[in-house]
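One structure, pasted below without further comment.
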Amino acid sequence: MSAGLSSSQPTAPHVQEAEAQRTGASHAGAQHTQSAEPSRTPGGRPSLRGTAPLGRIRPGLILAAVLLALVTAWALAPDLFTDRDPLSGDPLQRLQAPGTGALLGTDQLGRDVLSRIIHGAGSSLGTTAIAVLIAFGAGTAIGVVAGFLGCGVDAVLMRVIDVLQSIPGLLLSMSVVVALGFGAVNIALAVALASIPAFARVARGEVLRWRSTLFVEAARLNGIRTPEIVVRHVLPHAVGPVFALAALEFGSAILAVSALSFLGYGAPPPQPEWGLLVSEGRDFIASAWWLTTMPGLLIAAVVLSVNRIALALGSGRSRS
């Protein structure tokens, strides 16, 4: 009996180790099976829980895209959304509150507010787009030249950018508009001049990052000319963050254009423009709140939508 016990005791650790290995293997197999197969719902149907995410639906981003698409359609074809004349009204229908007759009410001359907002989208968004395009082109060119050439050229161009950036954007835009004259084109030039420093700095930083890479050095050693190196090897890599900045600057440009129109530097009345609509309704804010509230809310919603899409573009680039 003692001999049997003594002969079984030395083998106990080996038995325990073998059992532990079998238990671990069974647990590993169960975990592998559980991770390989989708979980089941109580009804027996496979569930997506525990599997790789296929991309979350973001309602805020979808709402922002829908709003921008609607406003862009207003700017391109306003007559498809309203049949009322934005310049003429019925004095008998003046200062009507929002309702069935006028969805967003009427102004002090009996003009439909919704019709003026829809027709004003073309002027406001068109001026903003021109401003962003000018700032994008000029700022990117300055940043690329300064970043790639370096030395004295970089120092001179960046000091000019520092001077422009030291002046508040709205003050600089107002000074340019006063010097050039009123109108949508002059507003676009003024807003673009205030936005150029941001594009120039981002483009310069990206060029400085890519110009010292091995493939750019190899192209330079192979005798490829500097303009060709910039166009073929540097710009395709450096322009991505500048595009993301352009989406973000579009919202700021909308605010700047609306502010200048509010101050009276934009299109003259009775032309509809979002900033001008807010300005015209401020004298009736106590009795007709919708004259300033409706276009003001639209401006805020468009700016927030642009910023939301710009944020999504920036996060997408950072993940990639």
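The values are calculated or read from the model by the stated rules, or taken from the named source; none is laboratory data. The structure presented is a predicted model; accordingly, all values stated were derived computationally and were not measured. A quick note on method: Cβ atoms are made from the backbone with ideal geometry, for glycine too, and the neighbour counts reach across all protein chains shown. For the accessible areas, the whole protein counts, side chains as well, though only heavy atoms, and no ligand, DNA or RNA atoms are used. Shrake-Rupley method; radii C 1.70, N 1.55, O 1.52, S 1.80 Å.
Which whole-number percent is the relative contact order of the stretch 190-320 (Cα, under 8 Å, 6+ apart)?
So the answer I get is 22 percent.
Using only the Cα atoms of the stretch 267-320, what do you get for the radius of gyration and for Dmax, in Å?
16.3, 53
Considering only protein heavy atoms, what per residue accessible area in square angstrom results for the stretch 97-177 with a 1.4 angstrom probe? Working shown, then result.
Working: 3240 Å² over 81 residues.
The answer is 40 Å² per residue.
Below 8 Å between Cα atoms, with a sequence gap of 6+, how large is the relative contact order for the stretch 217-279 in percent?
Numbers: 27 pairs, mean separation 12.8, N = 63.
Reported relative contact order: 20 percent.
In addition: Could the peptides 116-122, 154-160 be put in order, highest first, of the mean number of other beta-carbon atoms found within 10 Å of their residues?
Values: 116-122: 23.9, 154-160: 14.0.
The peptides rank, most packed first, as 116-122, 154-160.
Give me the percent of the accessible area of the stretch 83-155 that comes from carbon and sulfur atoms, probe 1.4 Å, all protein chains in place.
Working: 2130 of 3130 Å².
Whole-percent figure for carbon plus sulfur exposure: 68.
Please give the peptides 125-135, 67-77, 287-297 ranked by average Cβ packing (other Cβ atoms within 10 Å per residue), highest first, as a rough proxy for protection. Intermediate results must be reported in sequence, preceding the final value.
Working: 125-135: 21.6, 67-77: 15.5, 287-297: 18.5.
Going from most to least packed, we get 125-135, 287-297, 67-77.
Give me the percent of accessible area attributable to carbon and sulfur for the stretch 161-211, probe 1.4 angstrom. Working shown, then result.
Values: 1590 of 2340 Å².
Result for the stretch 161-211: 68 percent of the exposed heavy-atom area is carbon or sulfur.
If I compute solvent accessible area with a 1.4 Å probe over the protein chains, what percent of it on the stretch 221-320 is carbon and sulfur? If you can, show how the numbers build up before the last one.
Values: 3250 of 4970 Å².
After summing per-atom areas, the C and S share lands at 65 percent.
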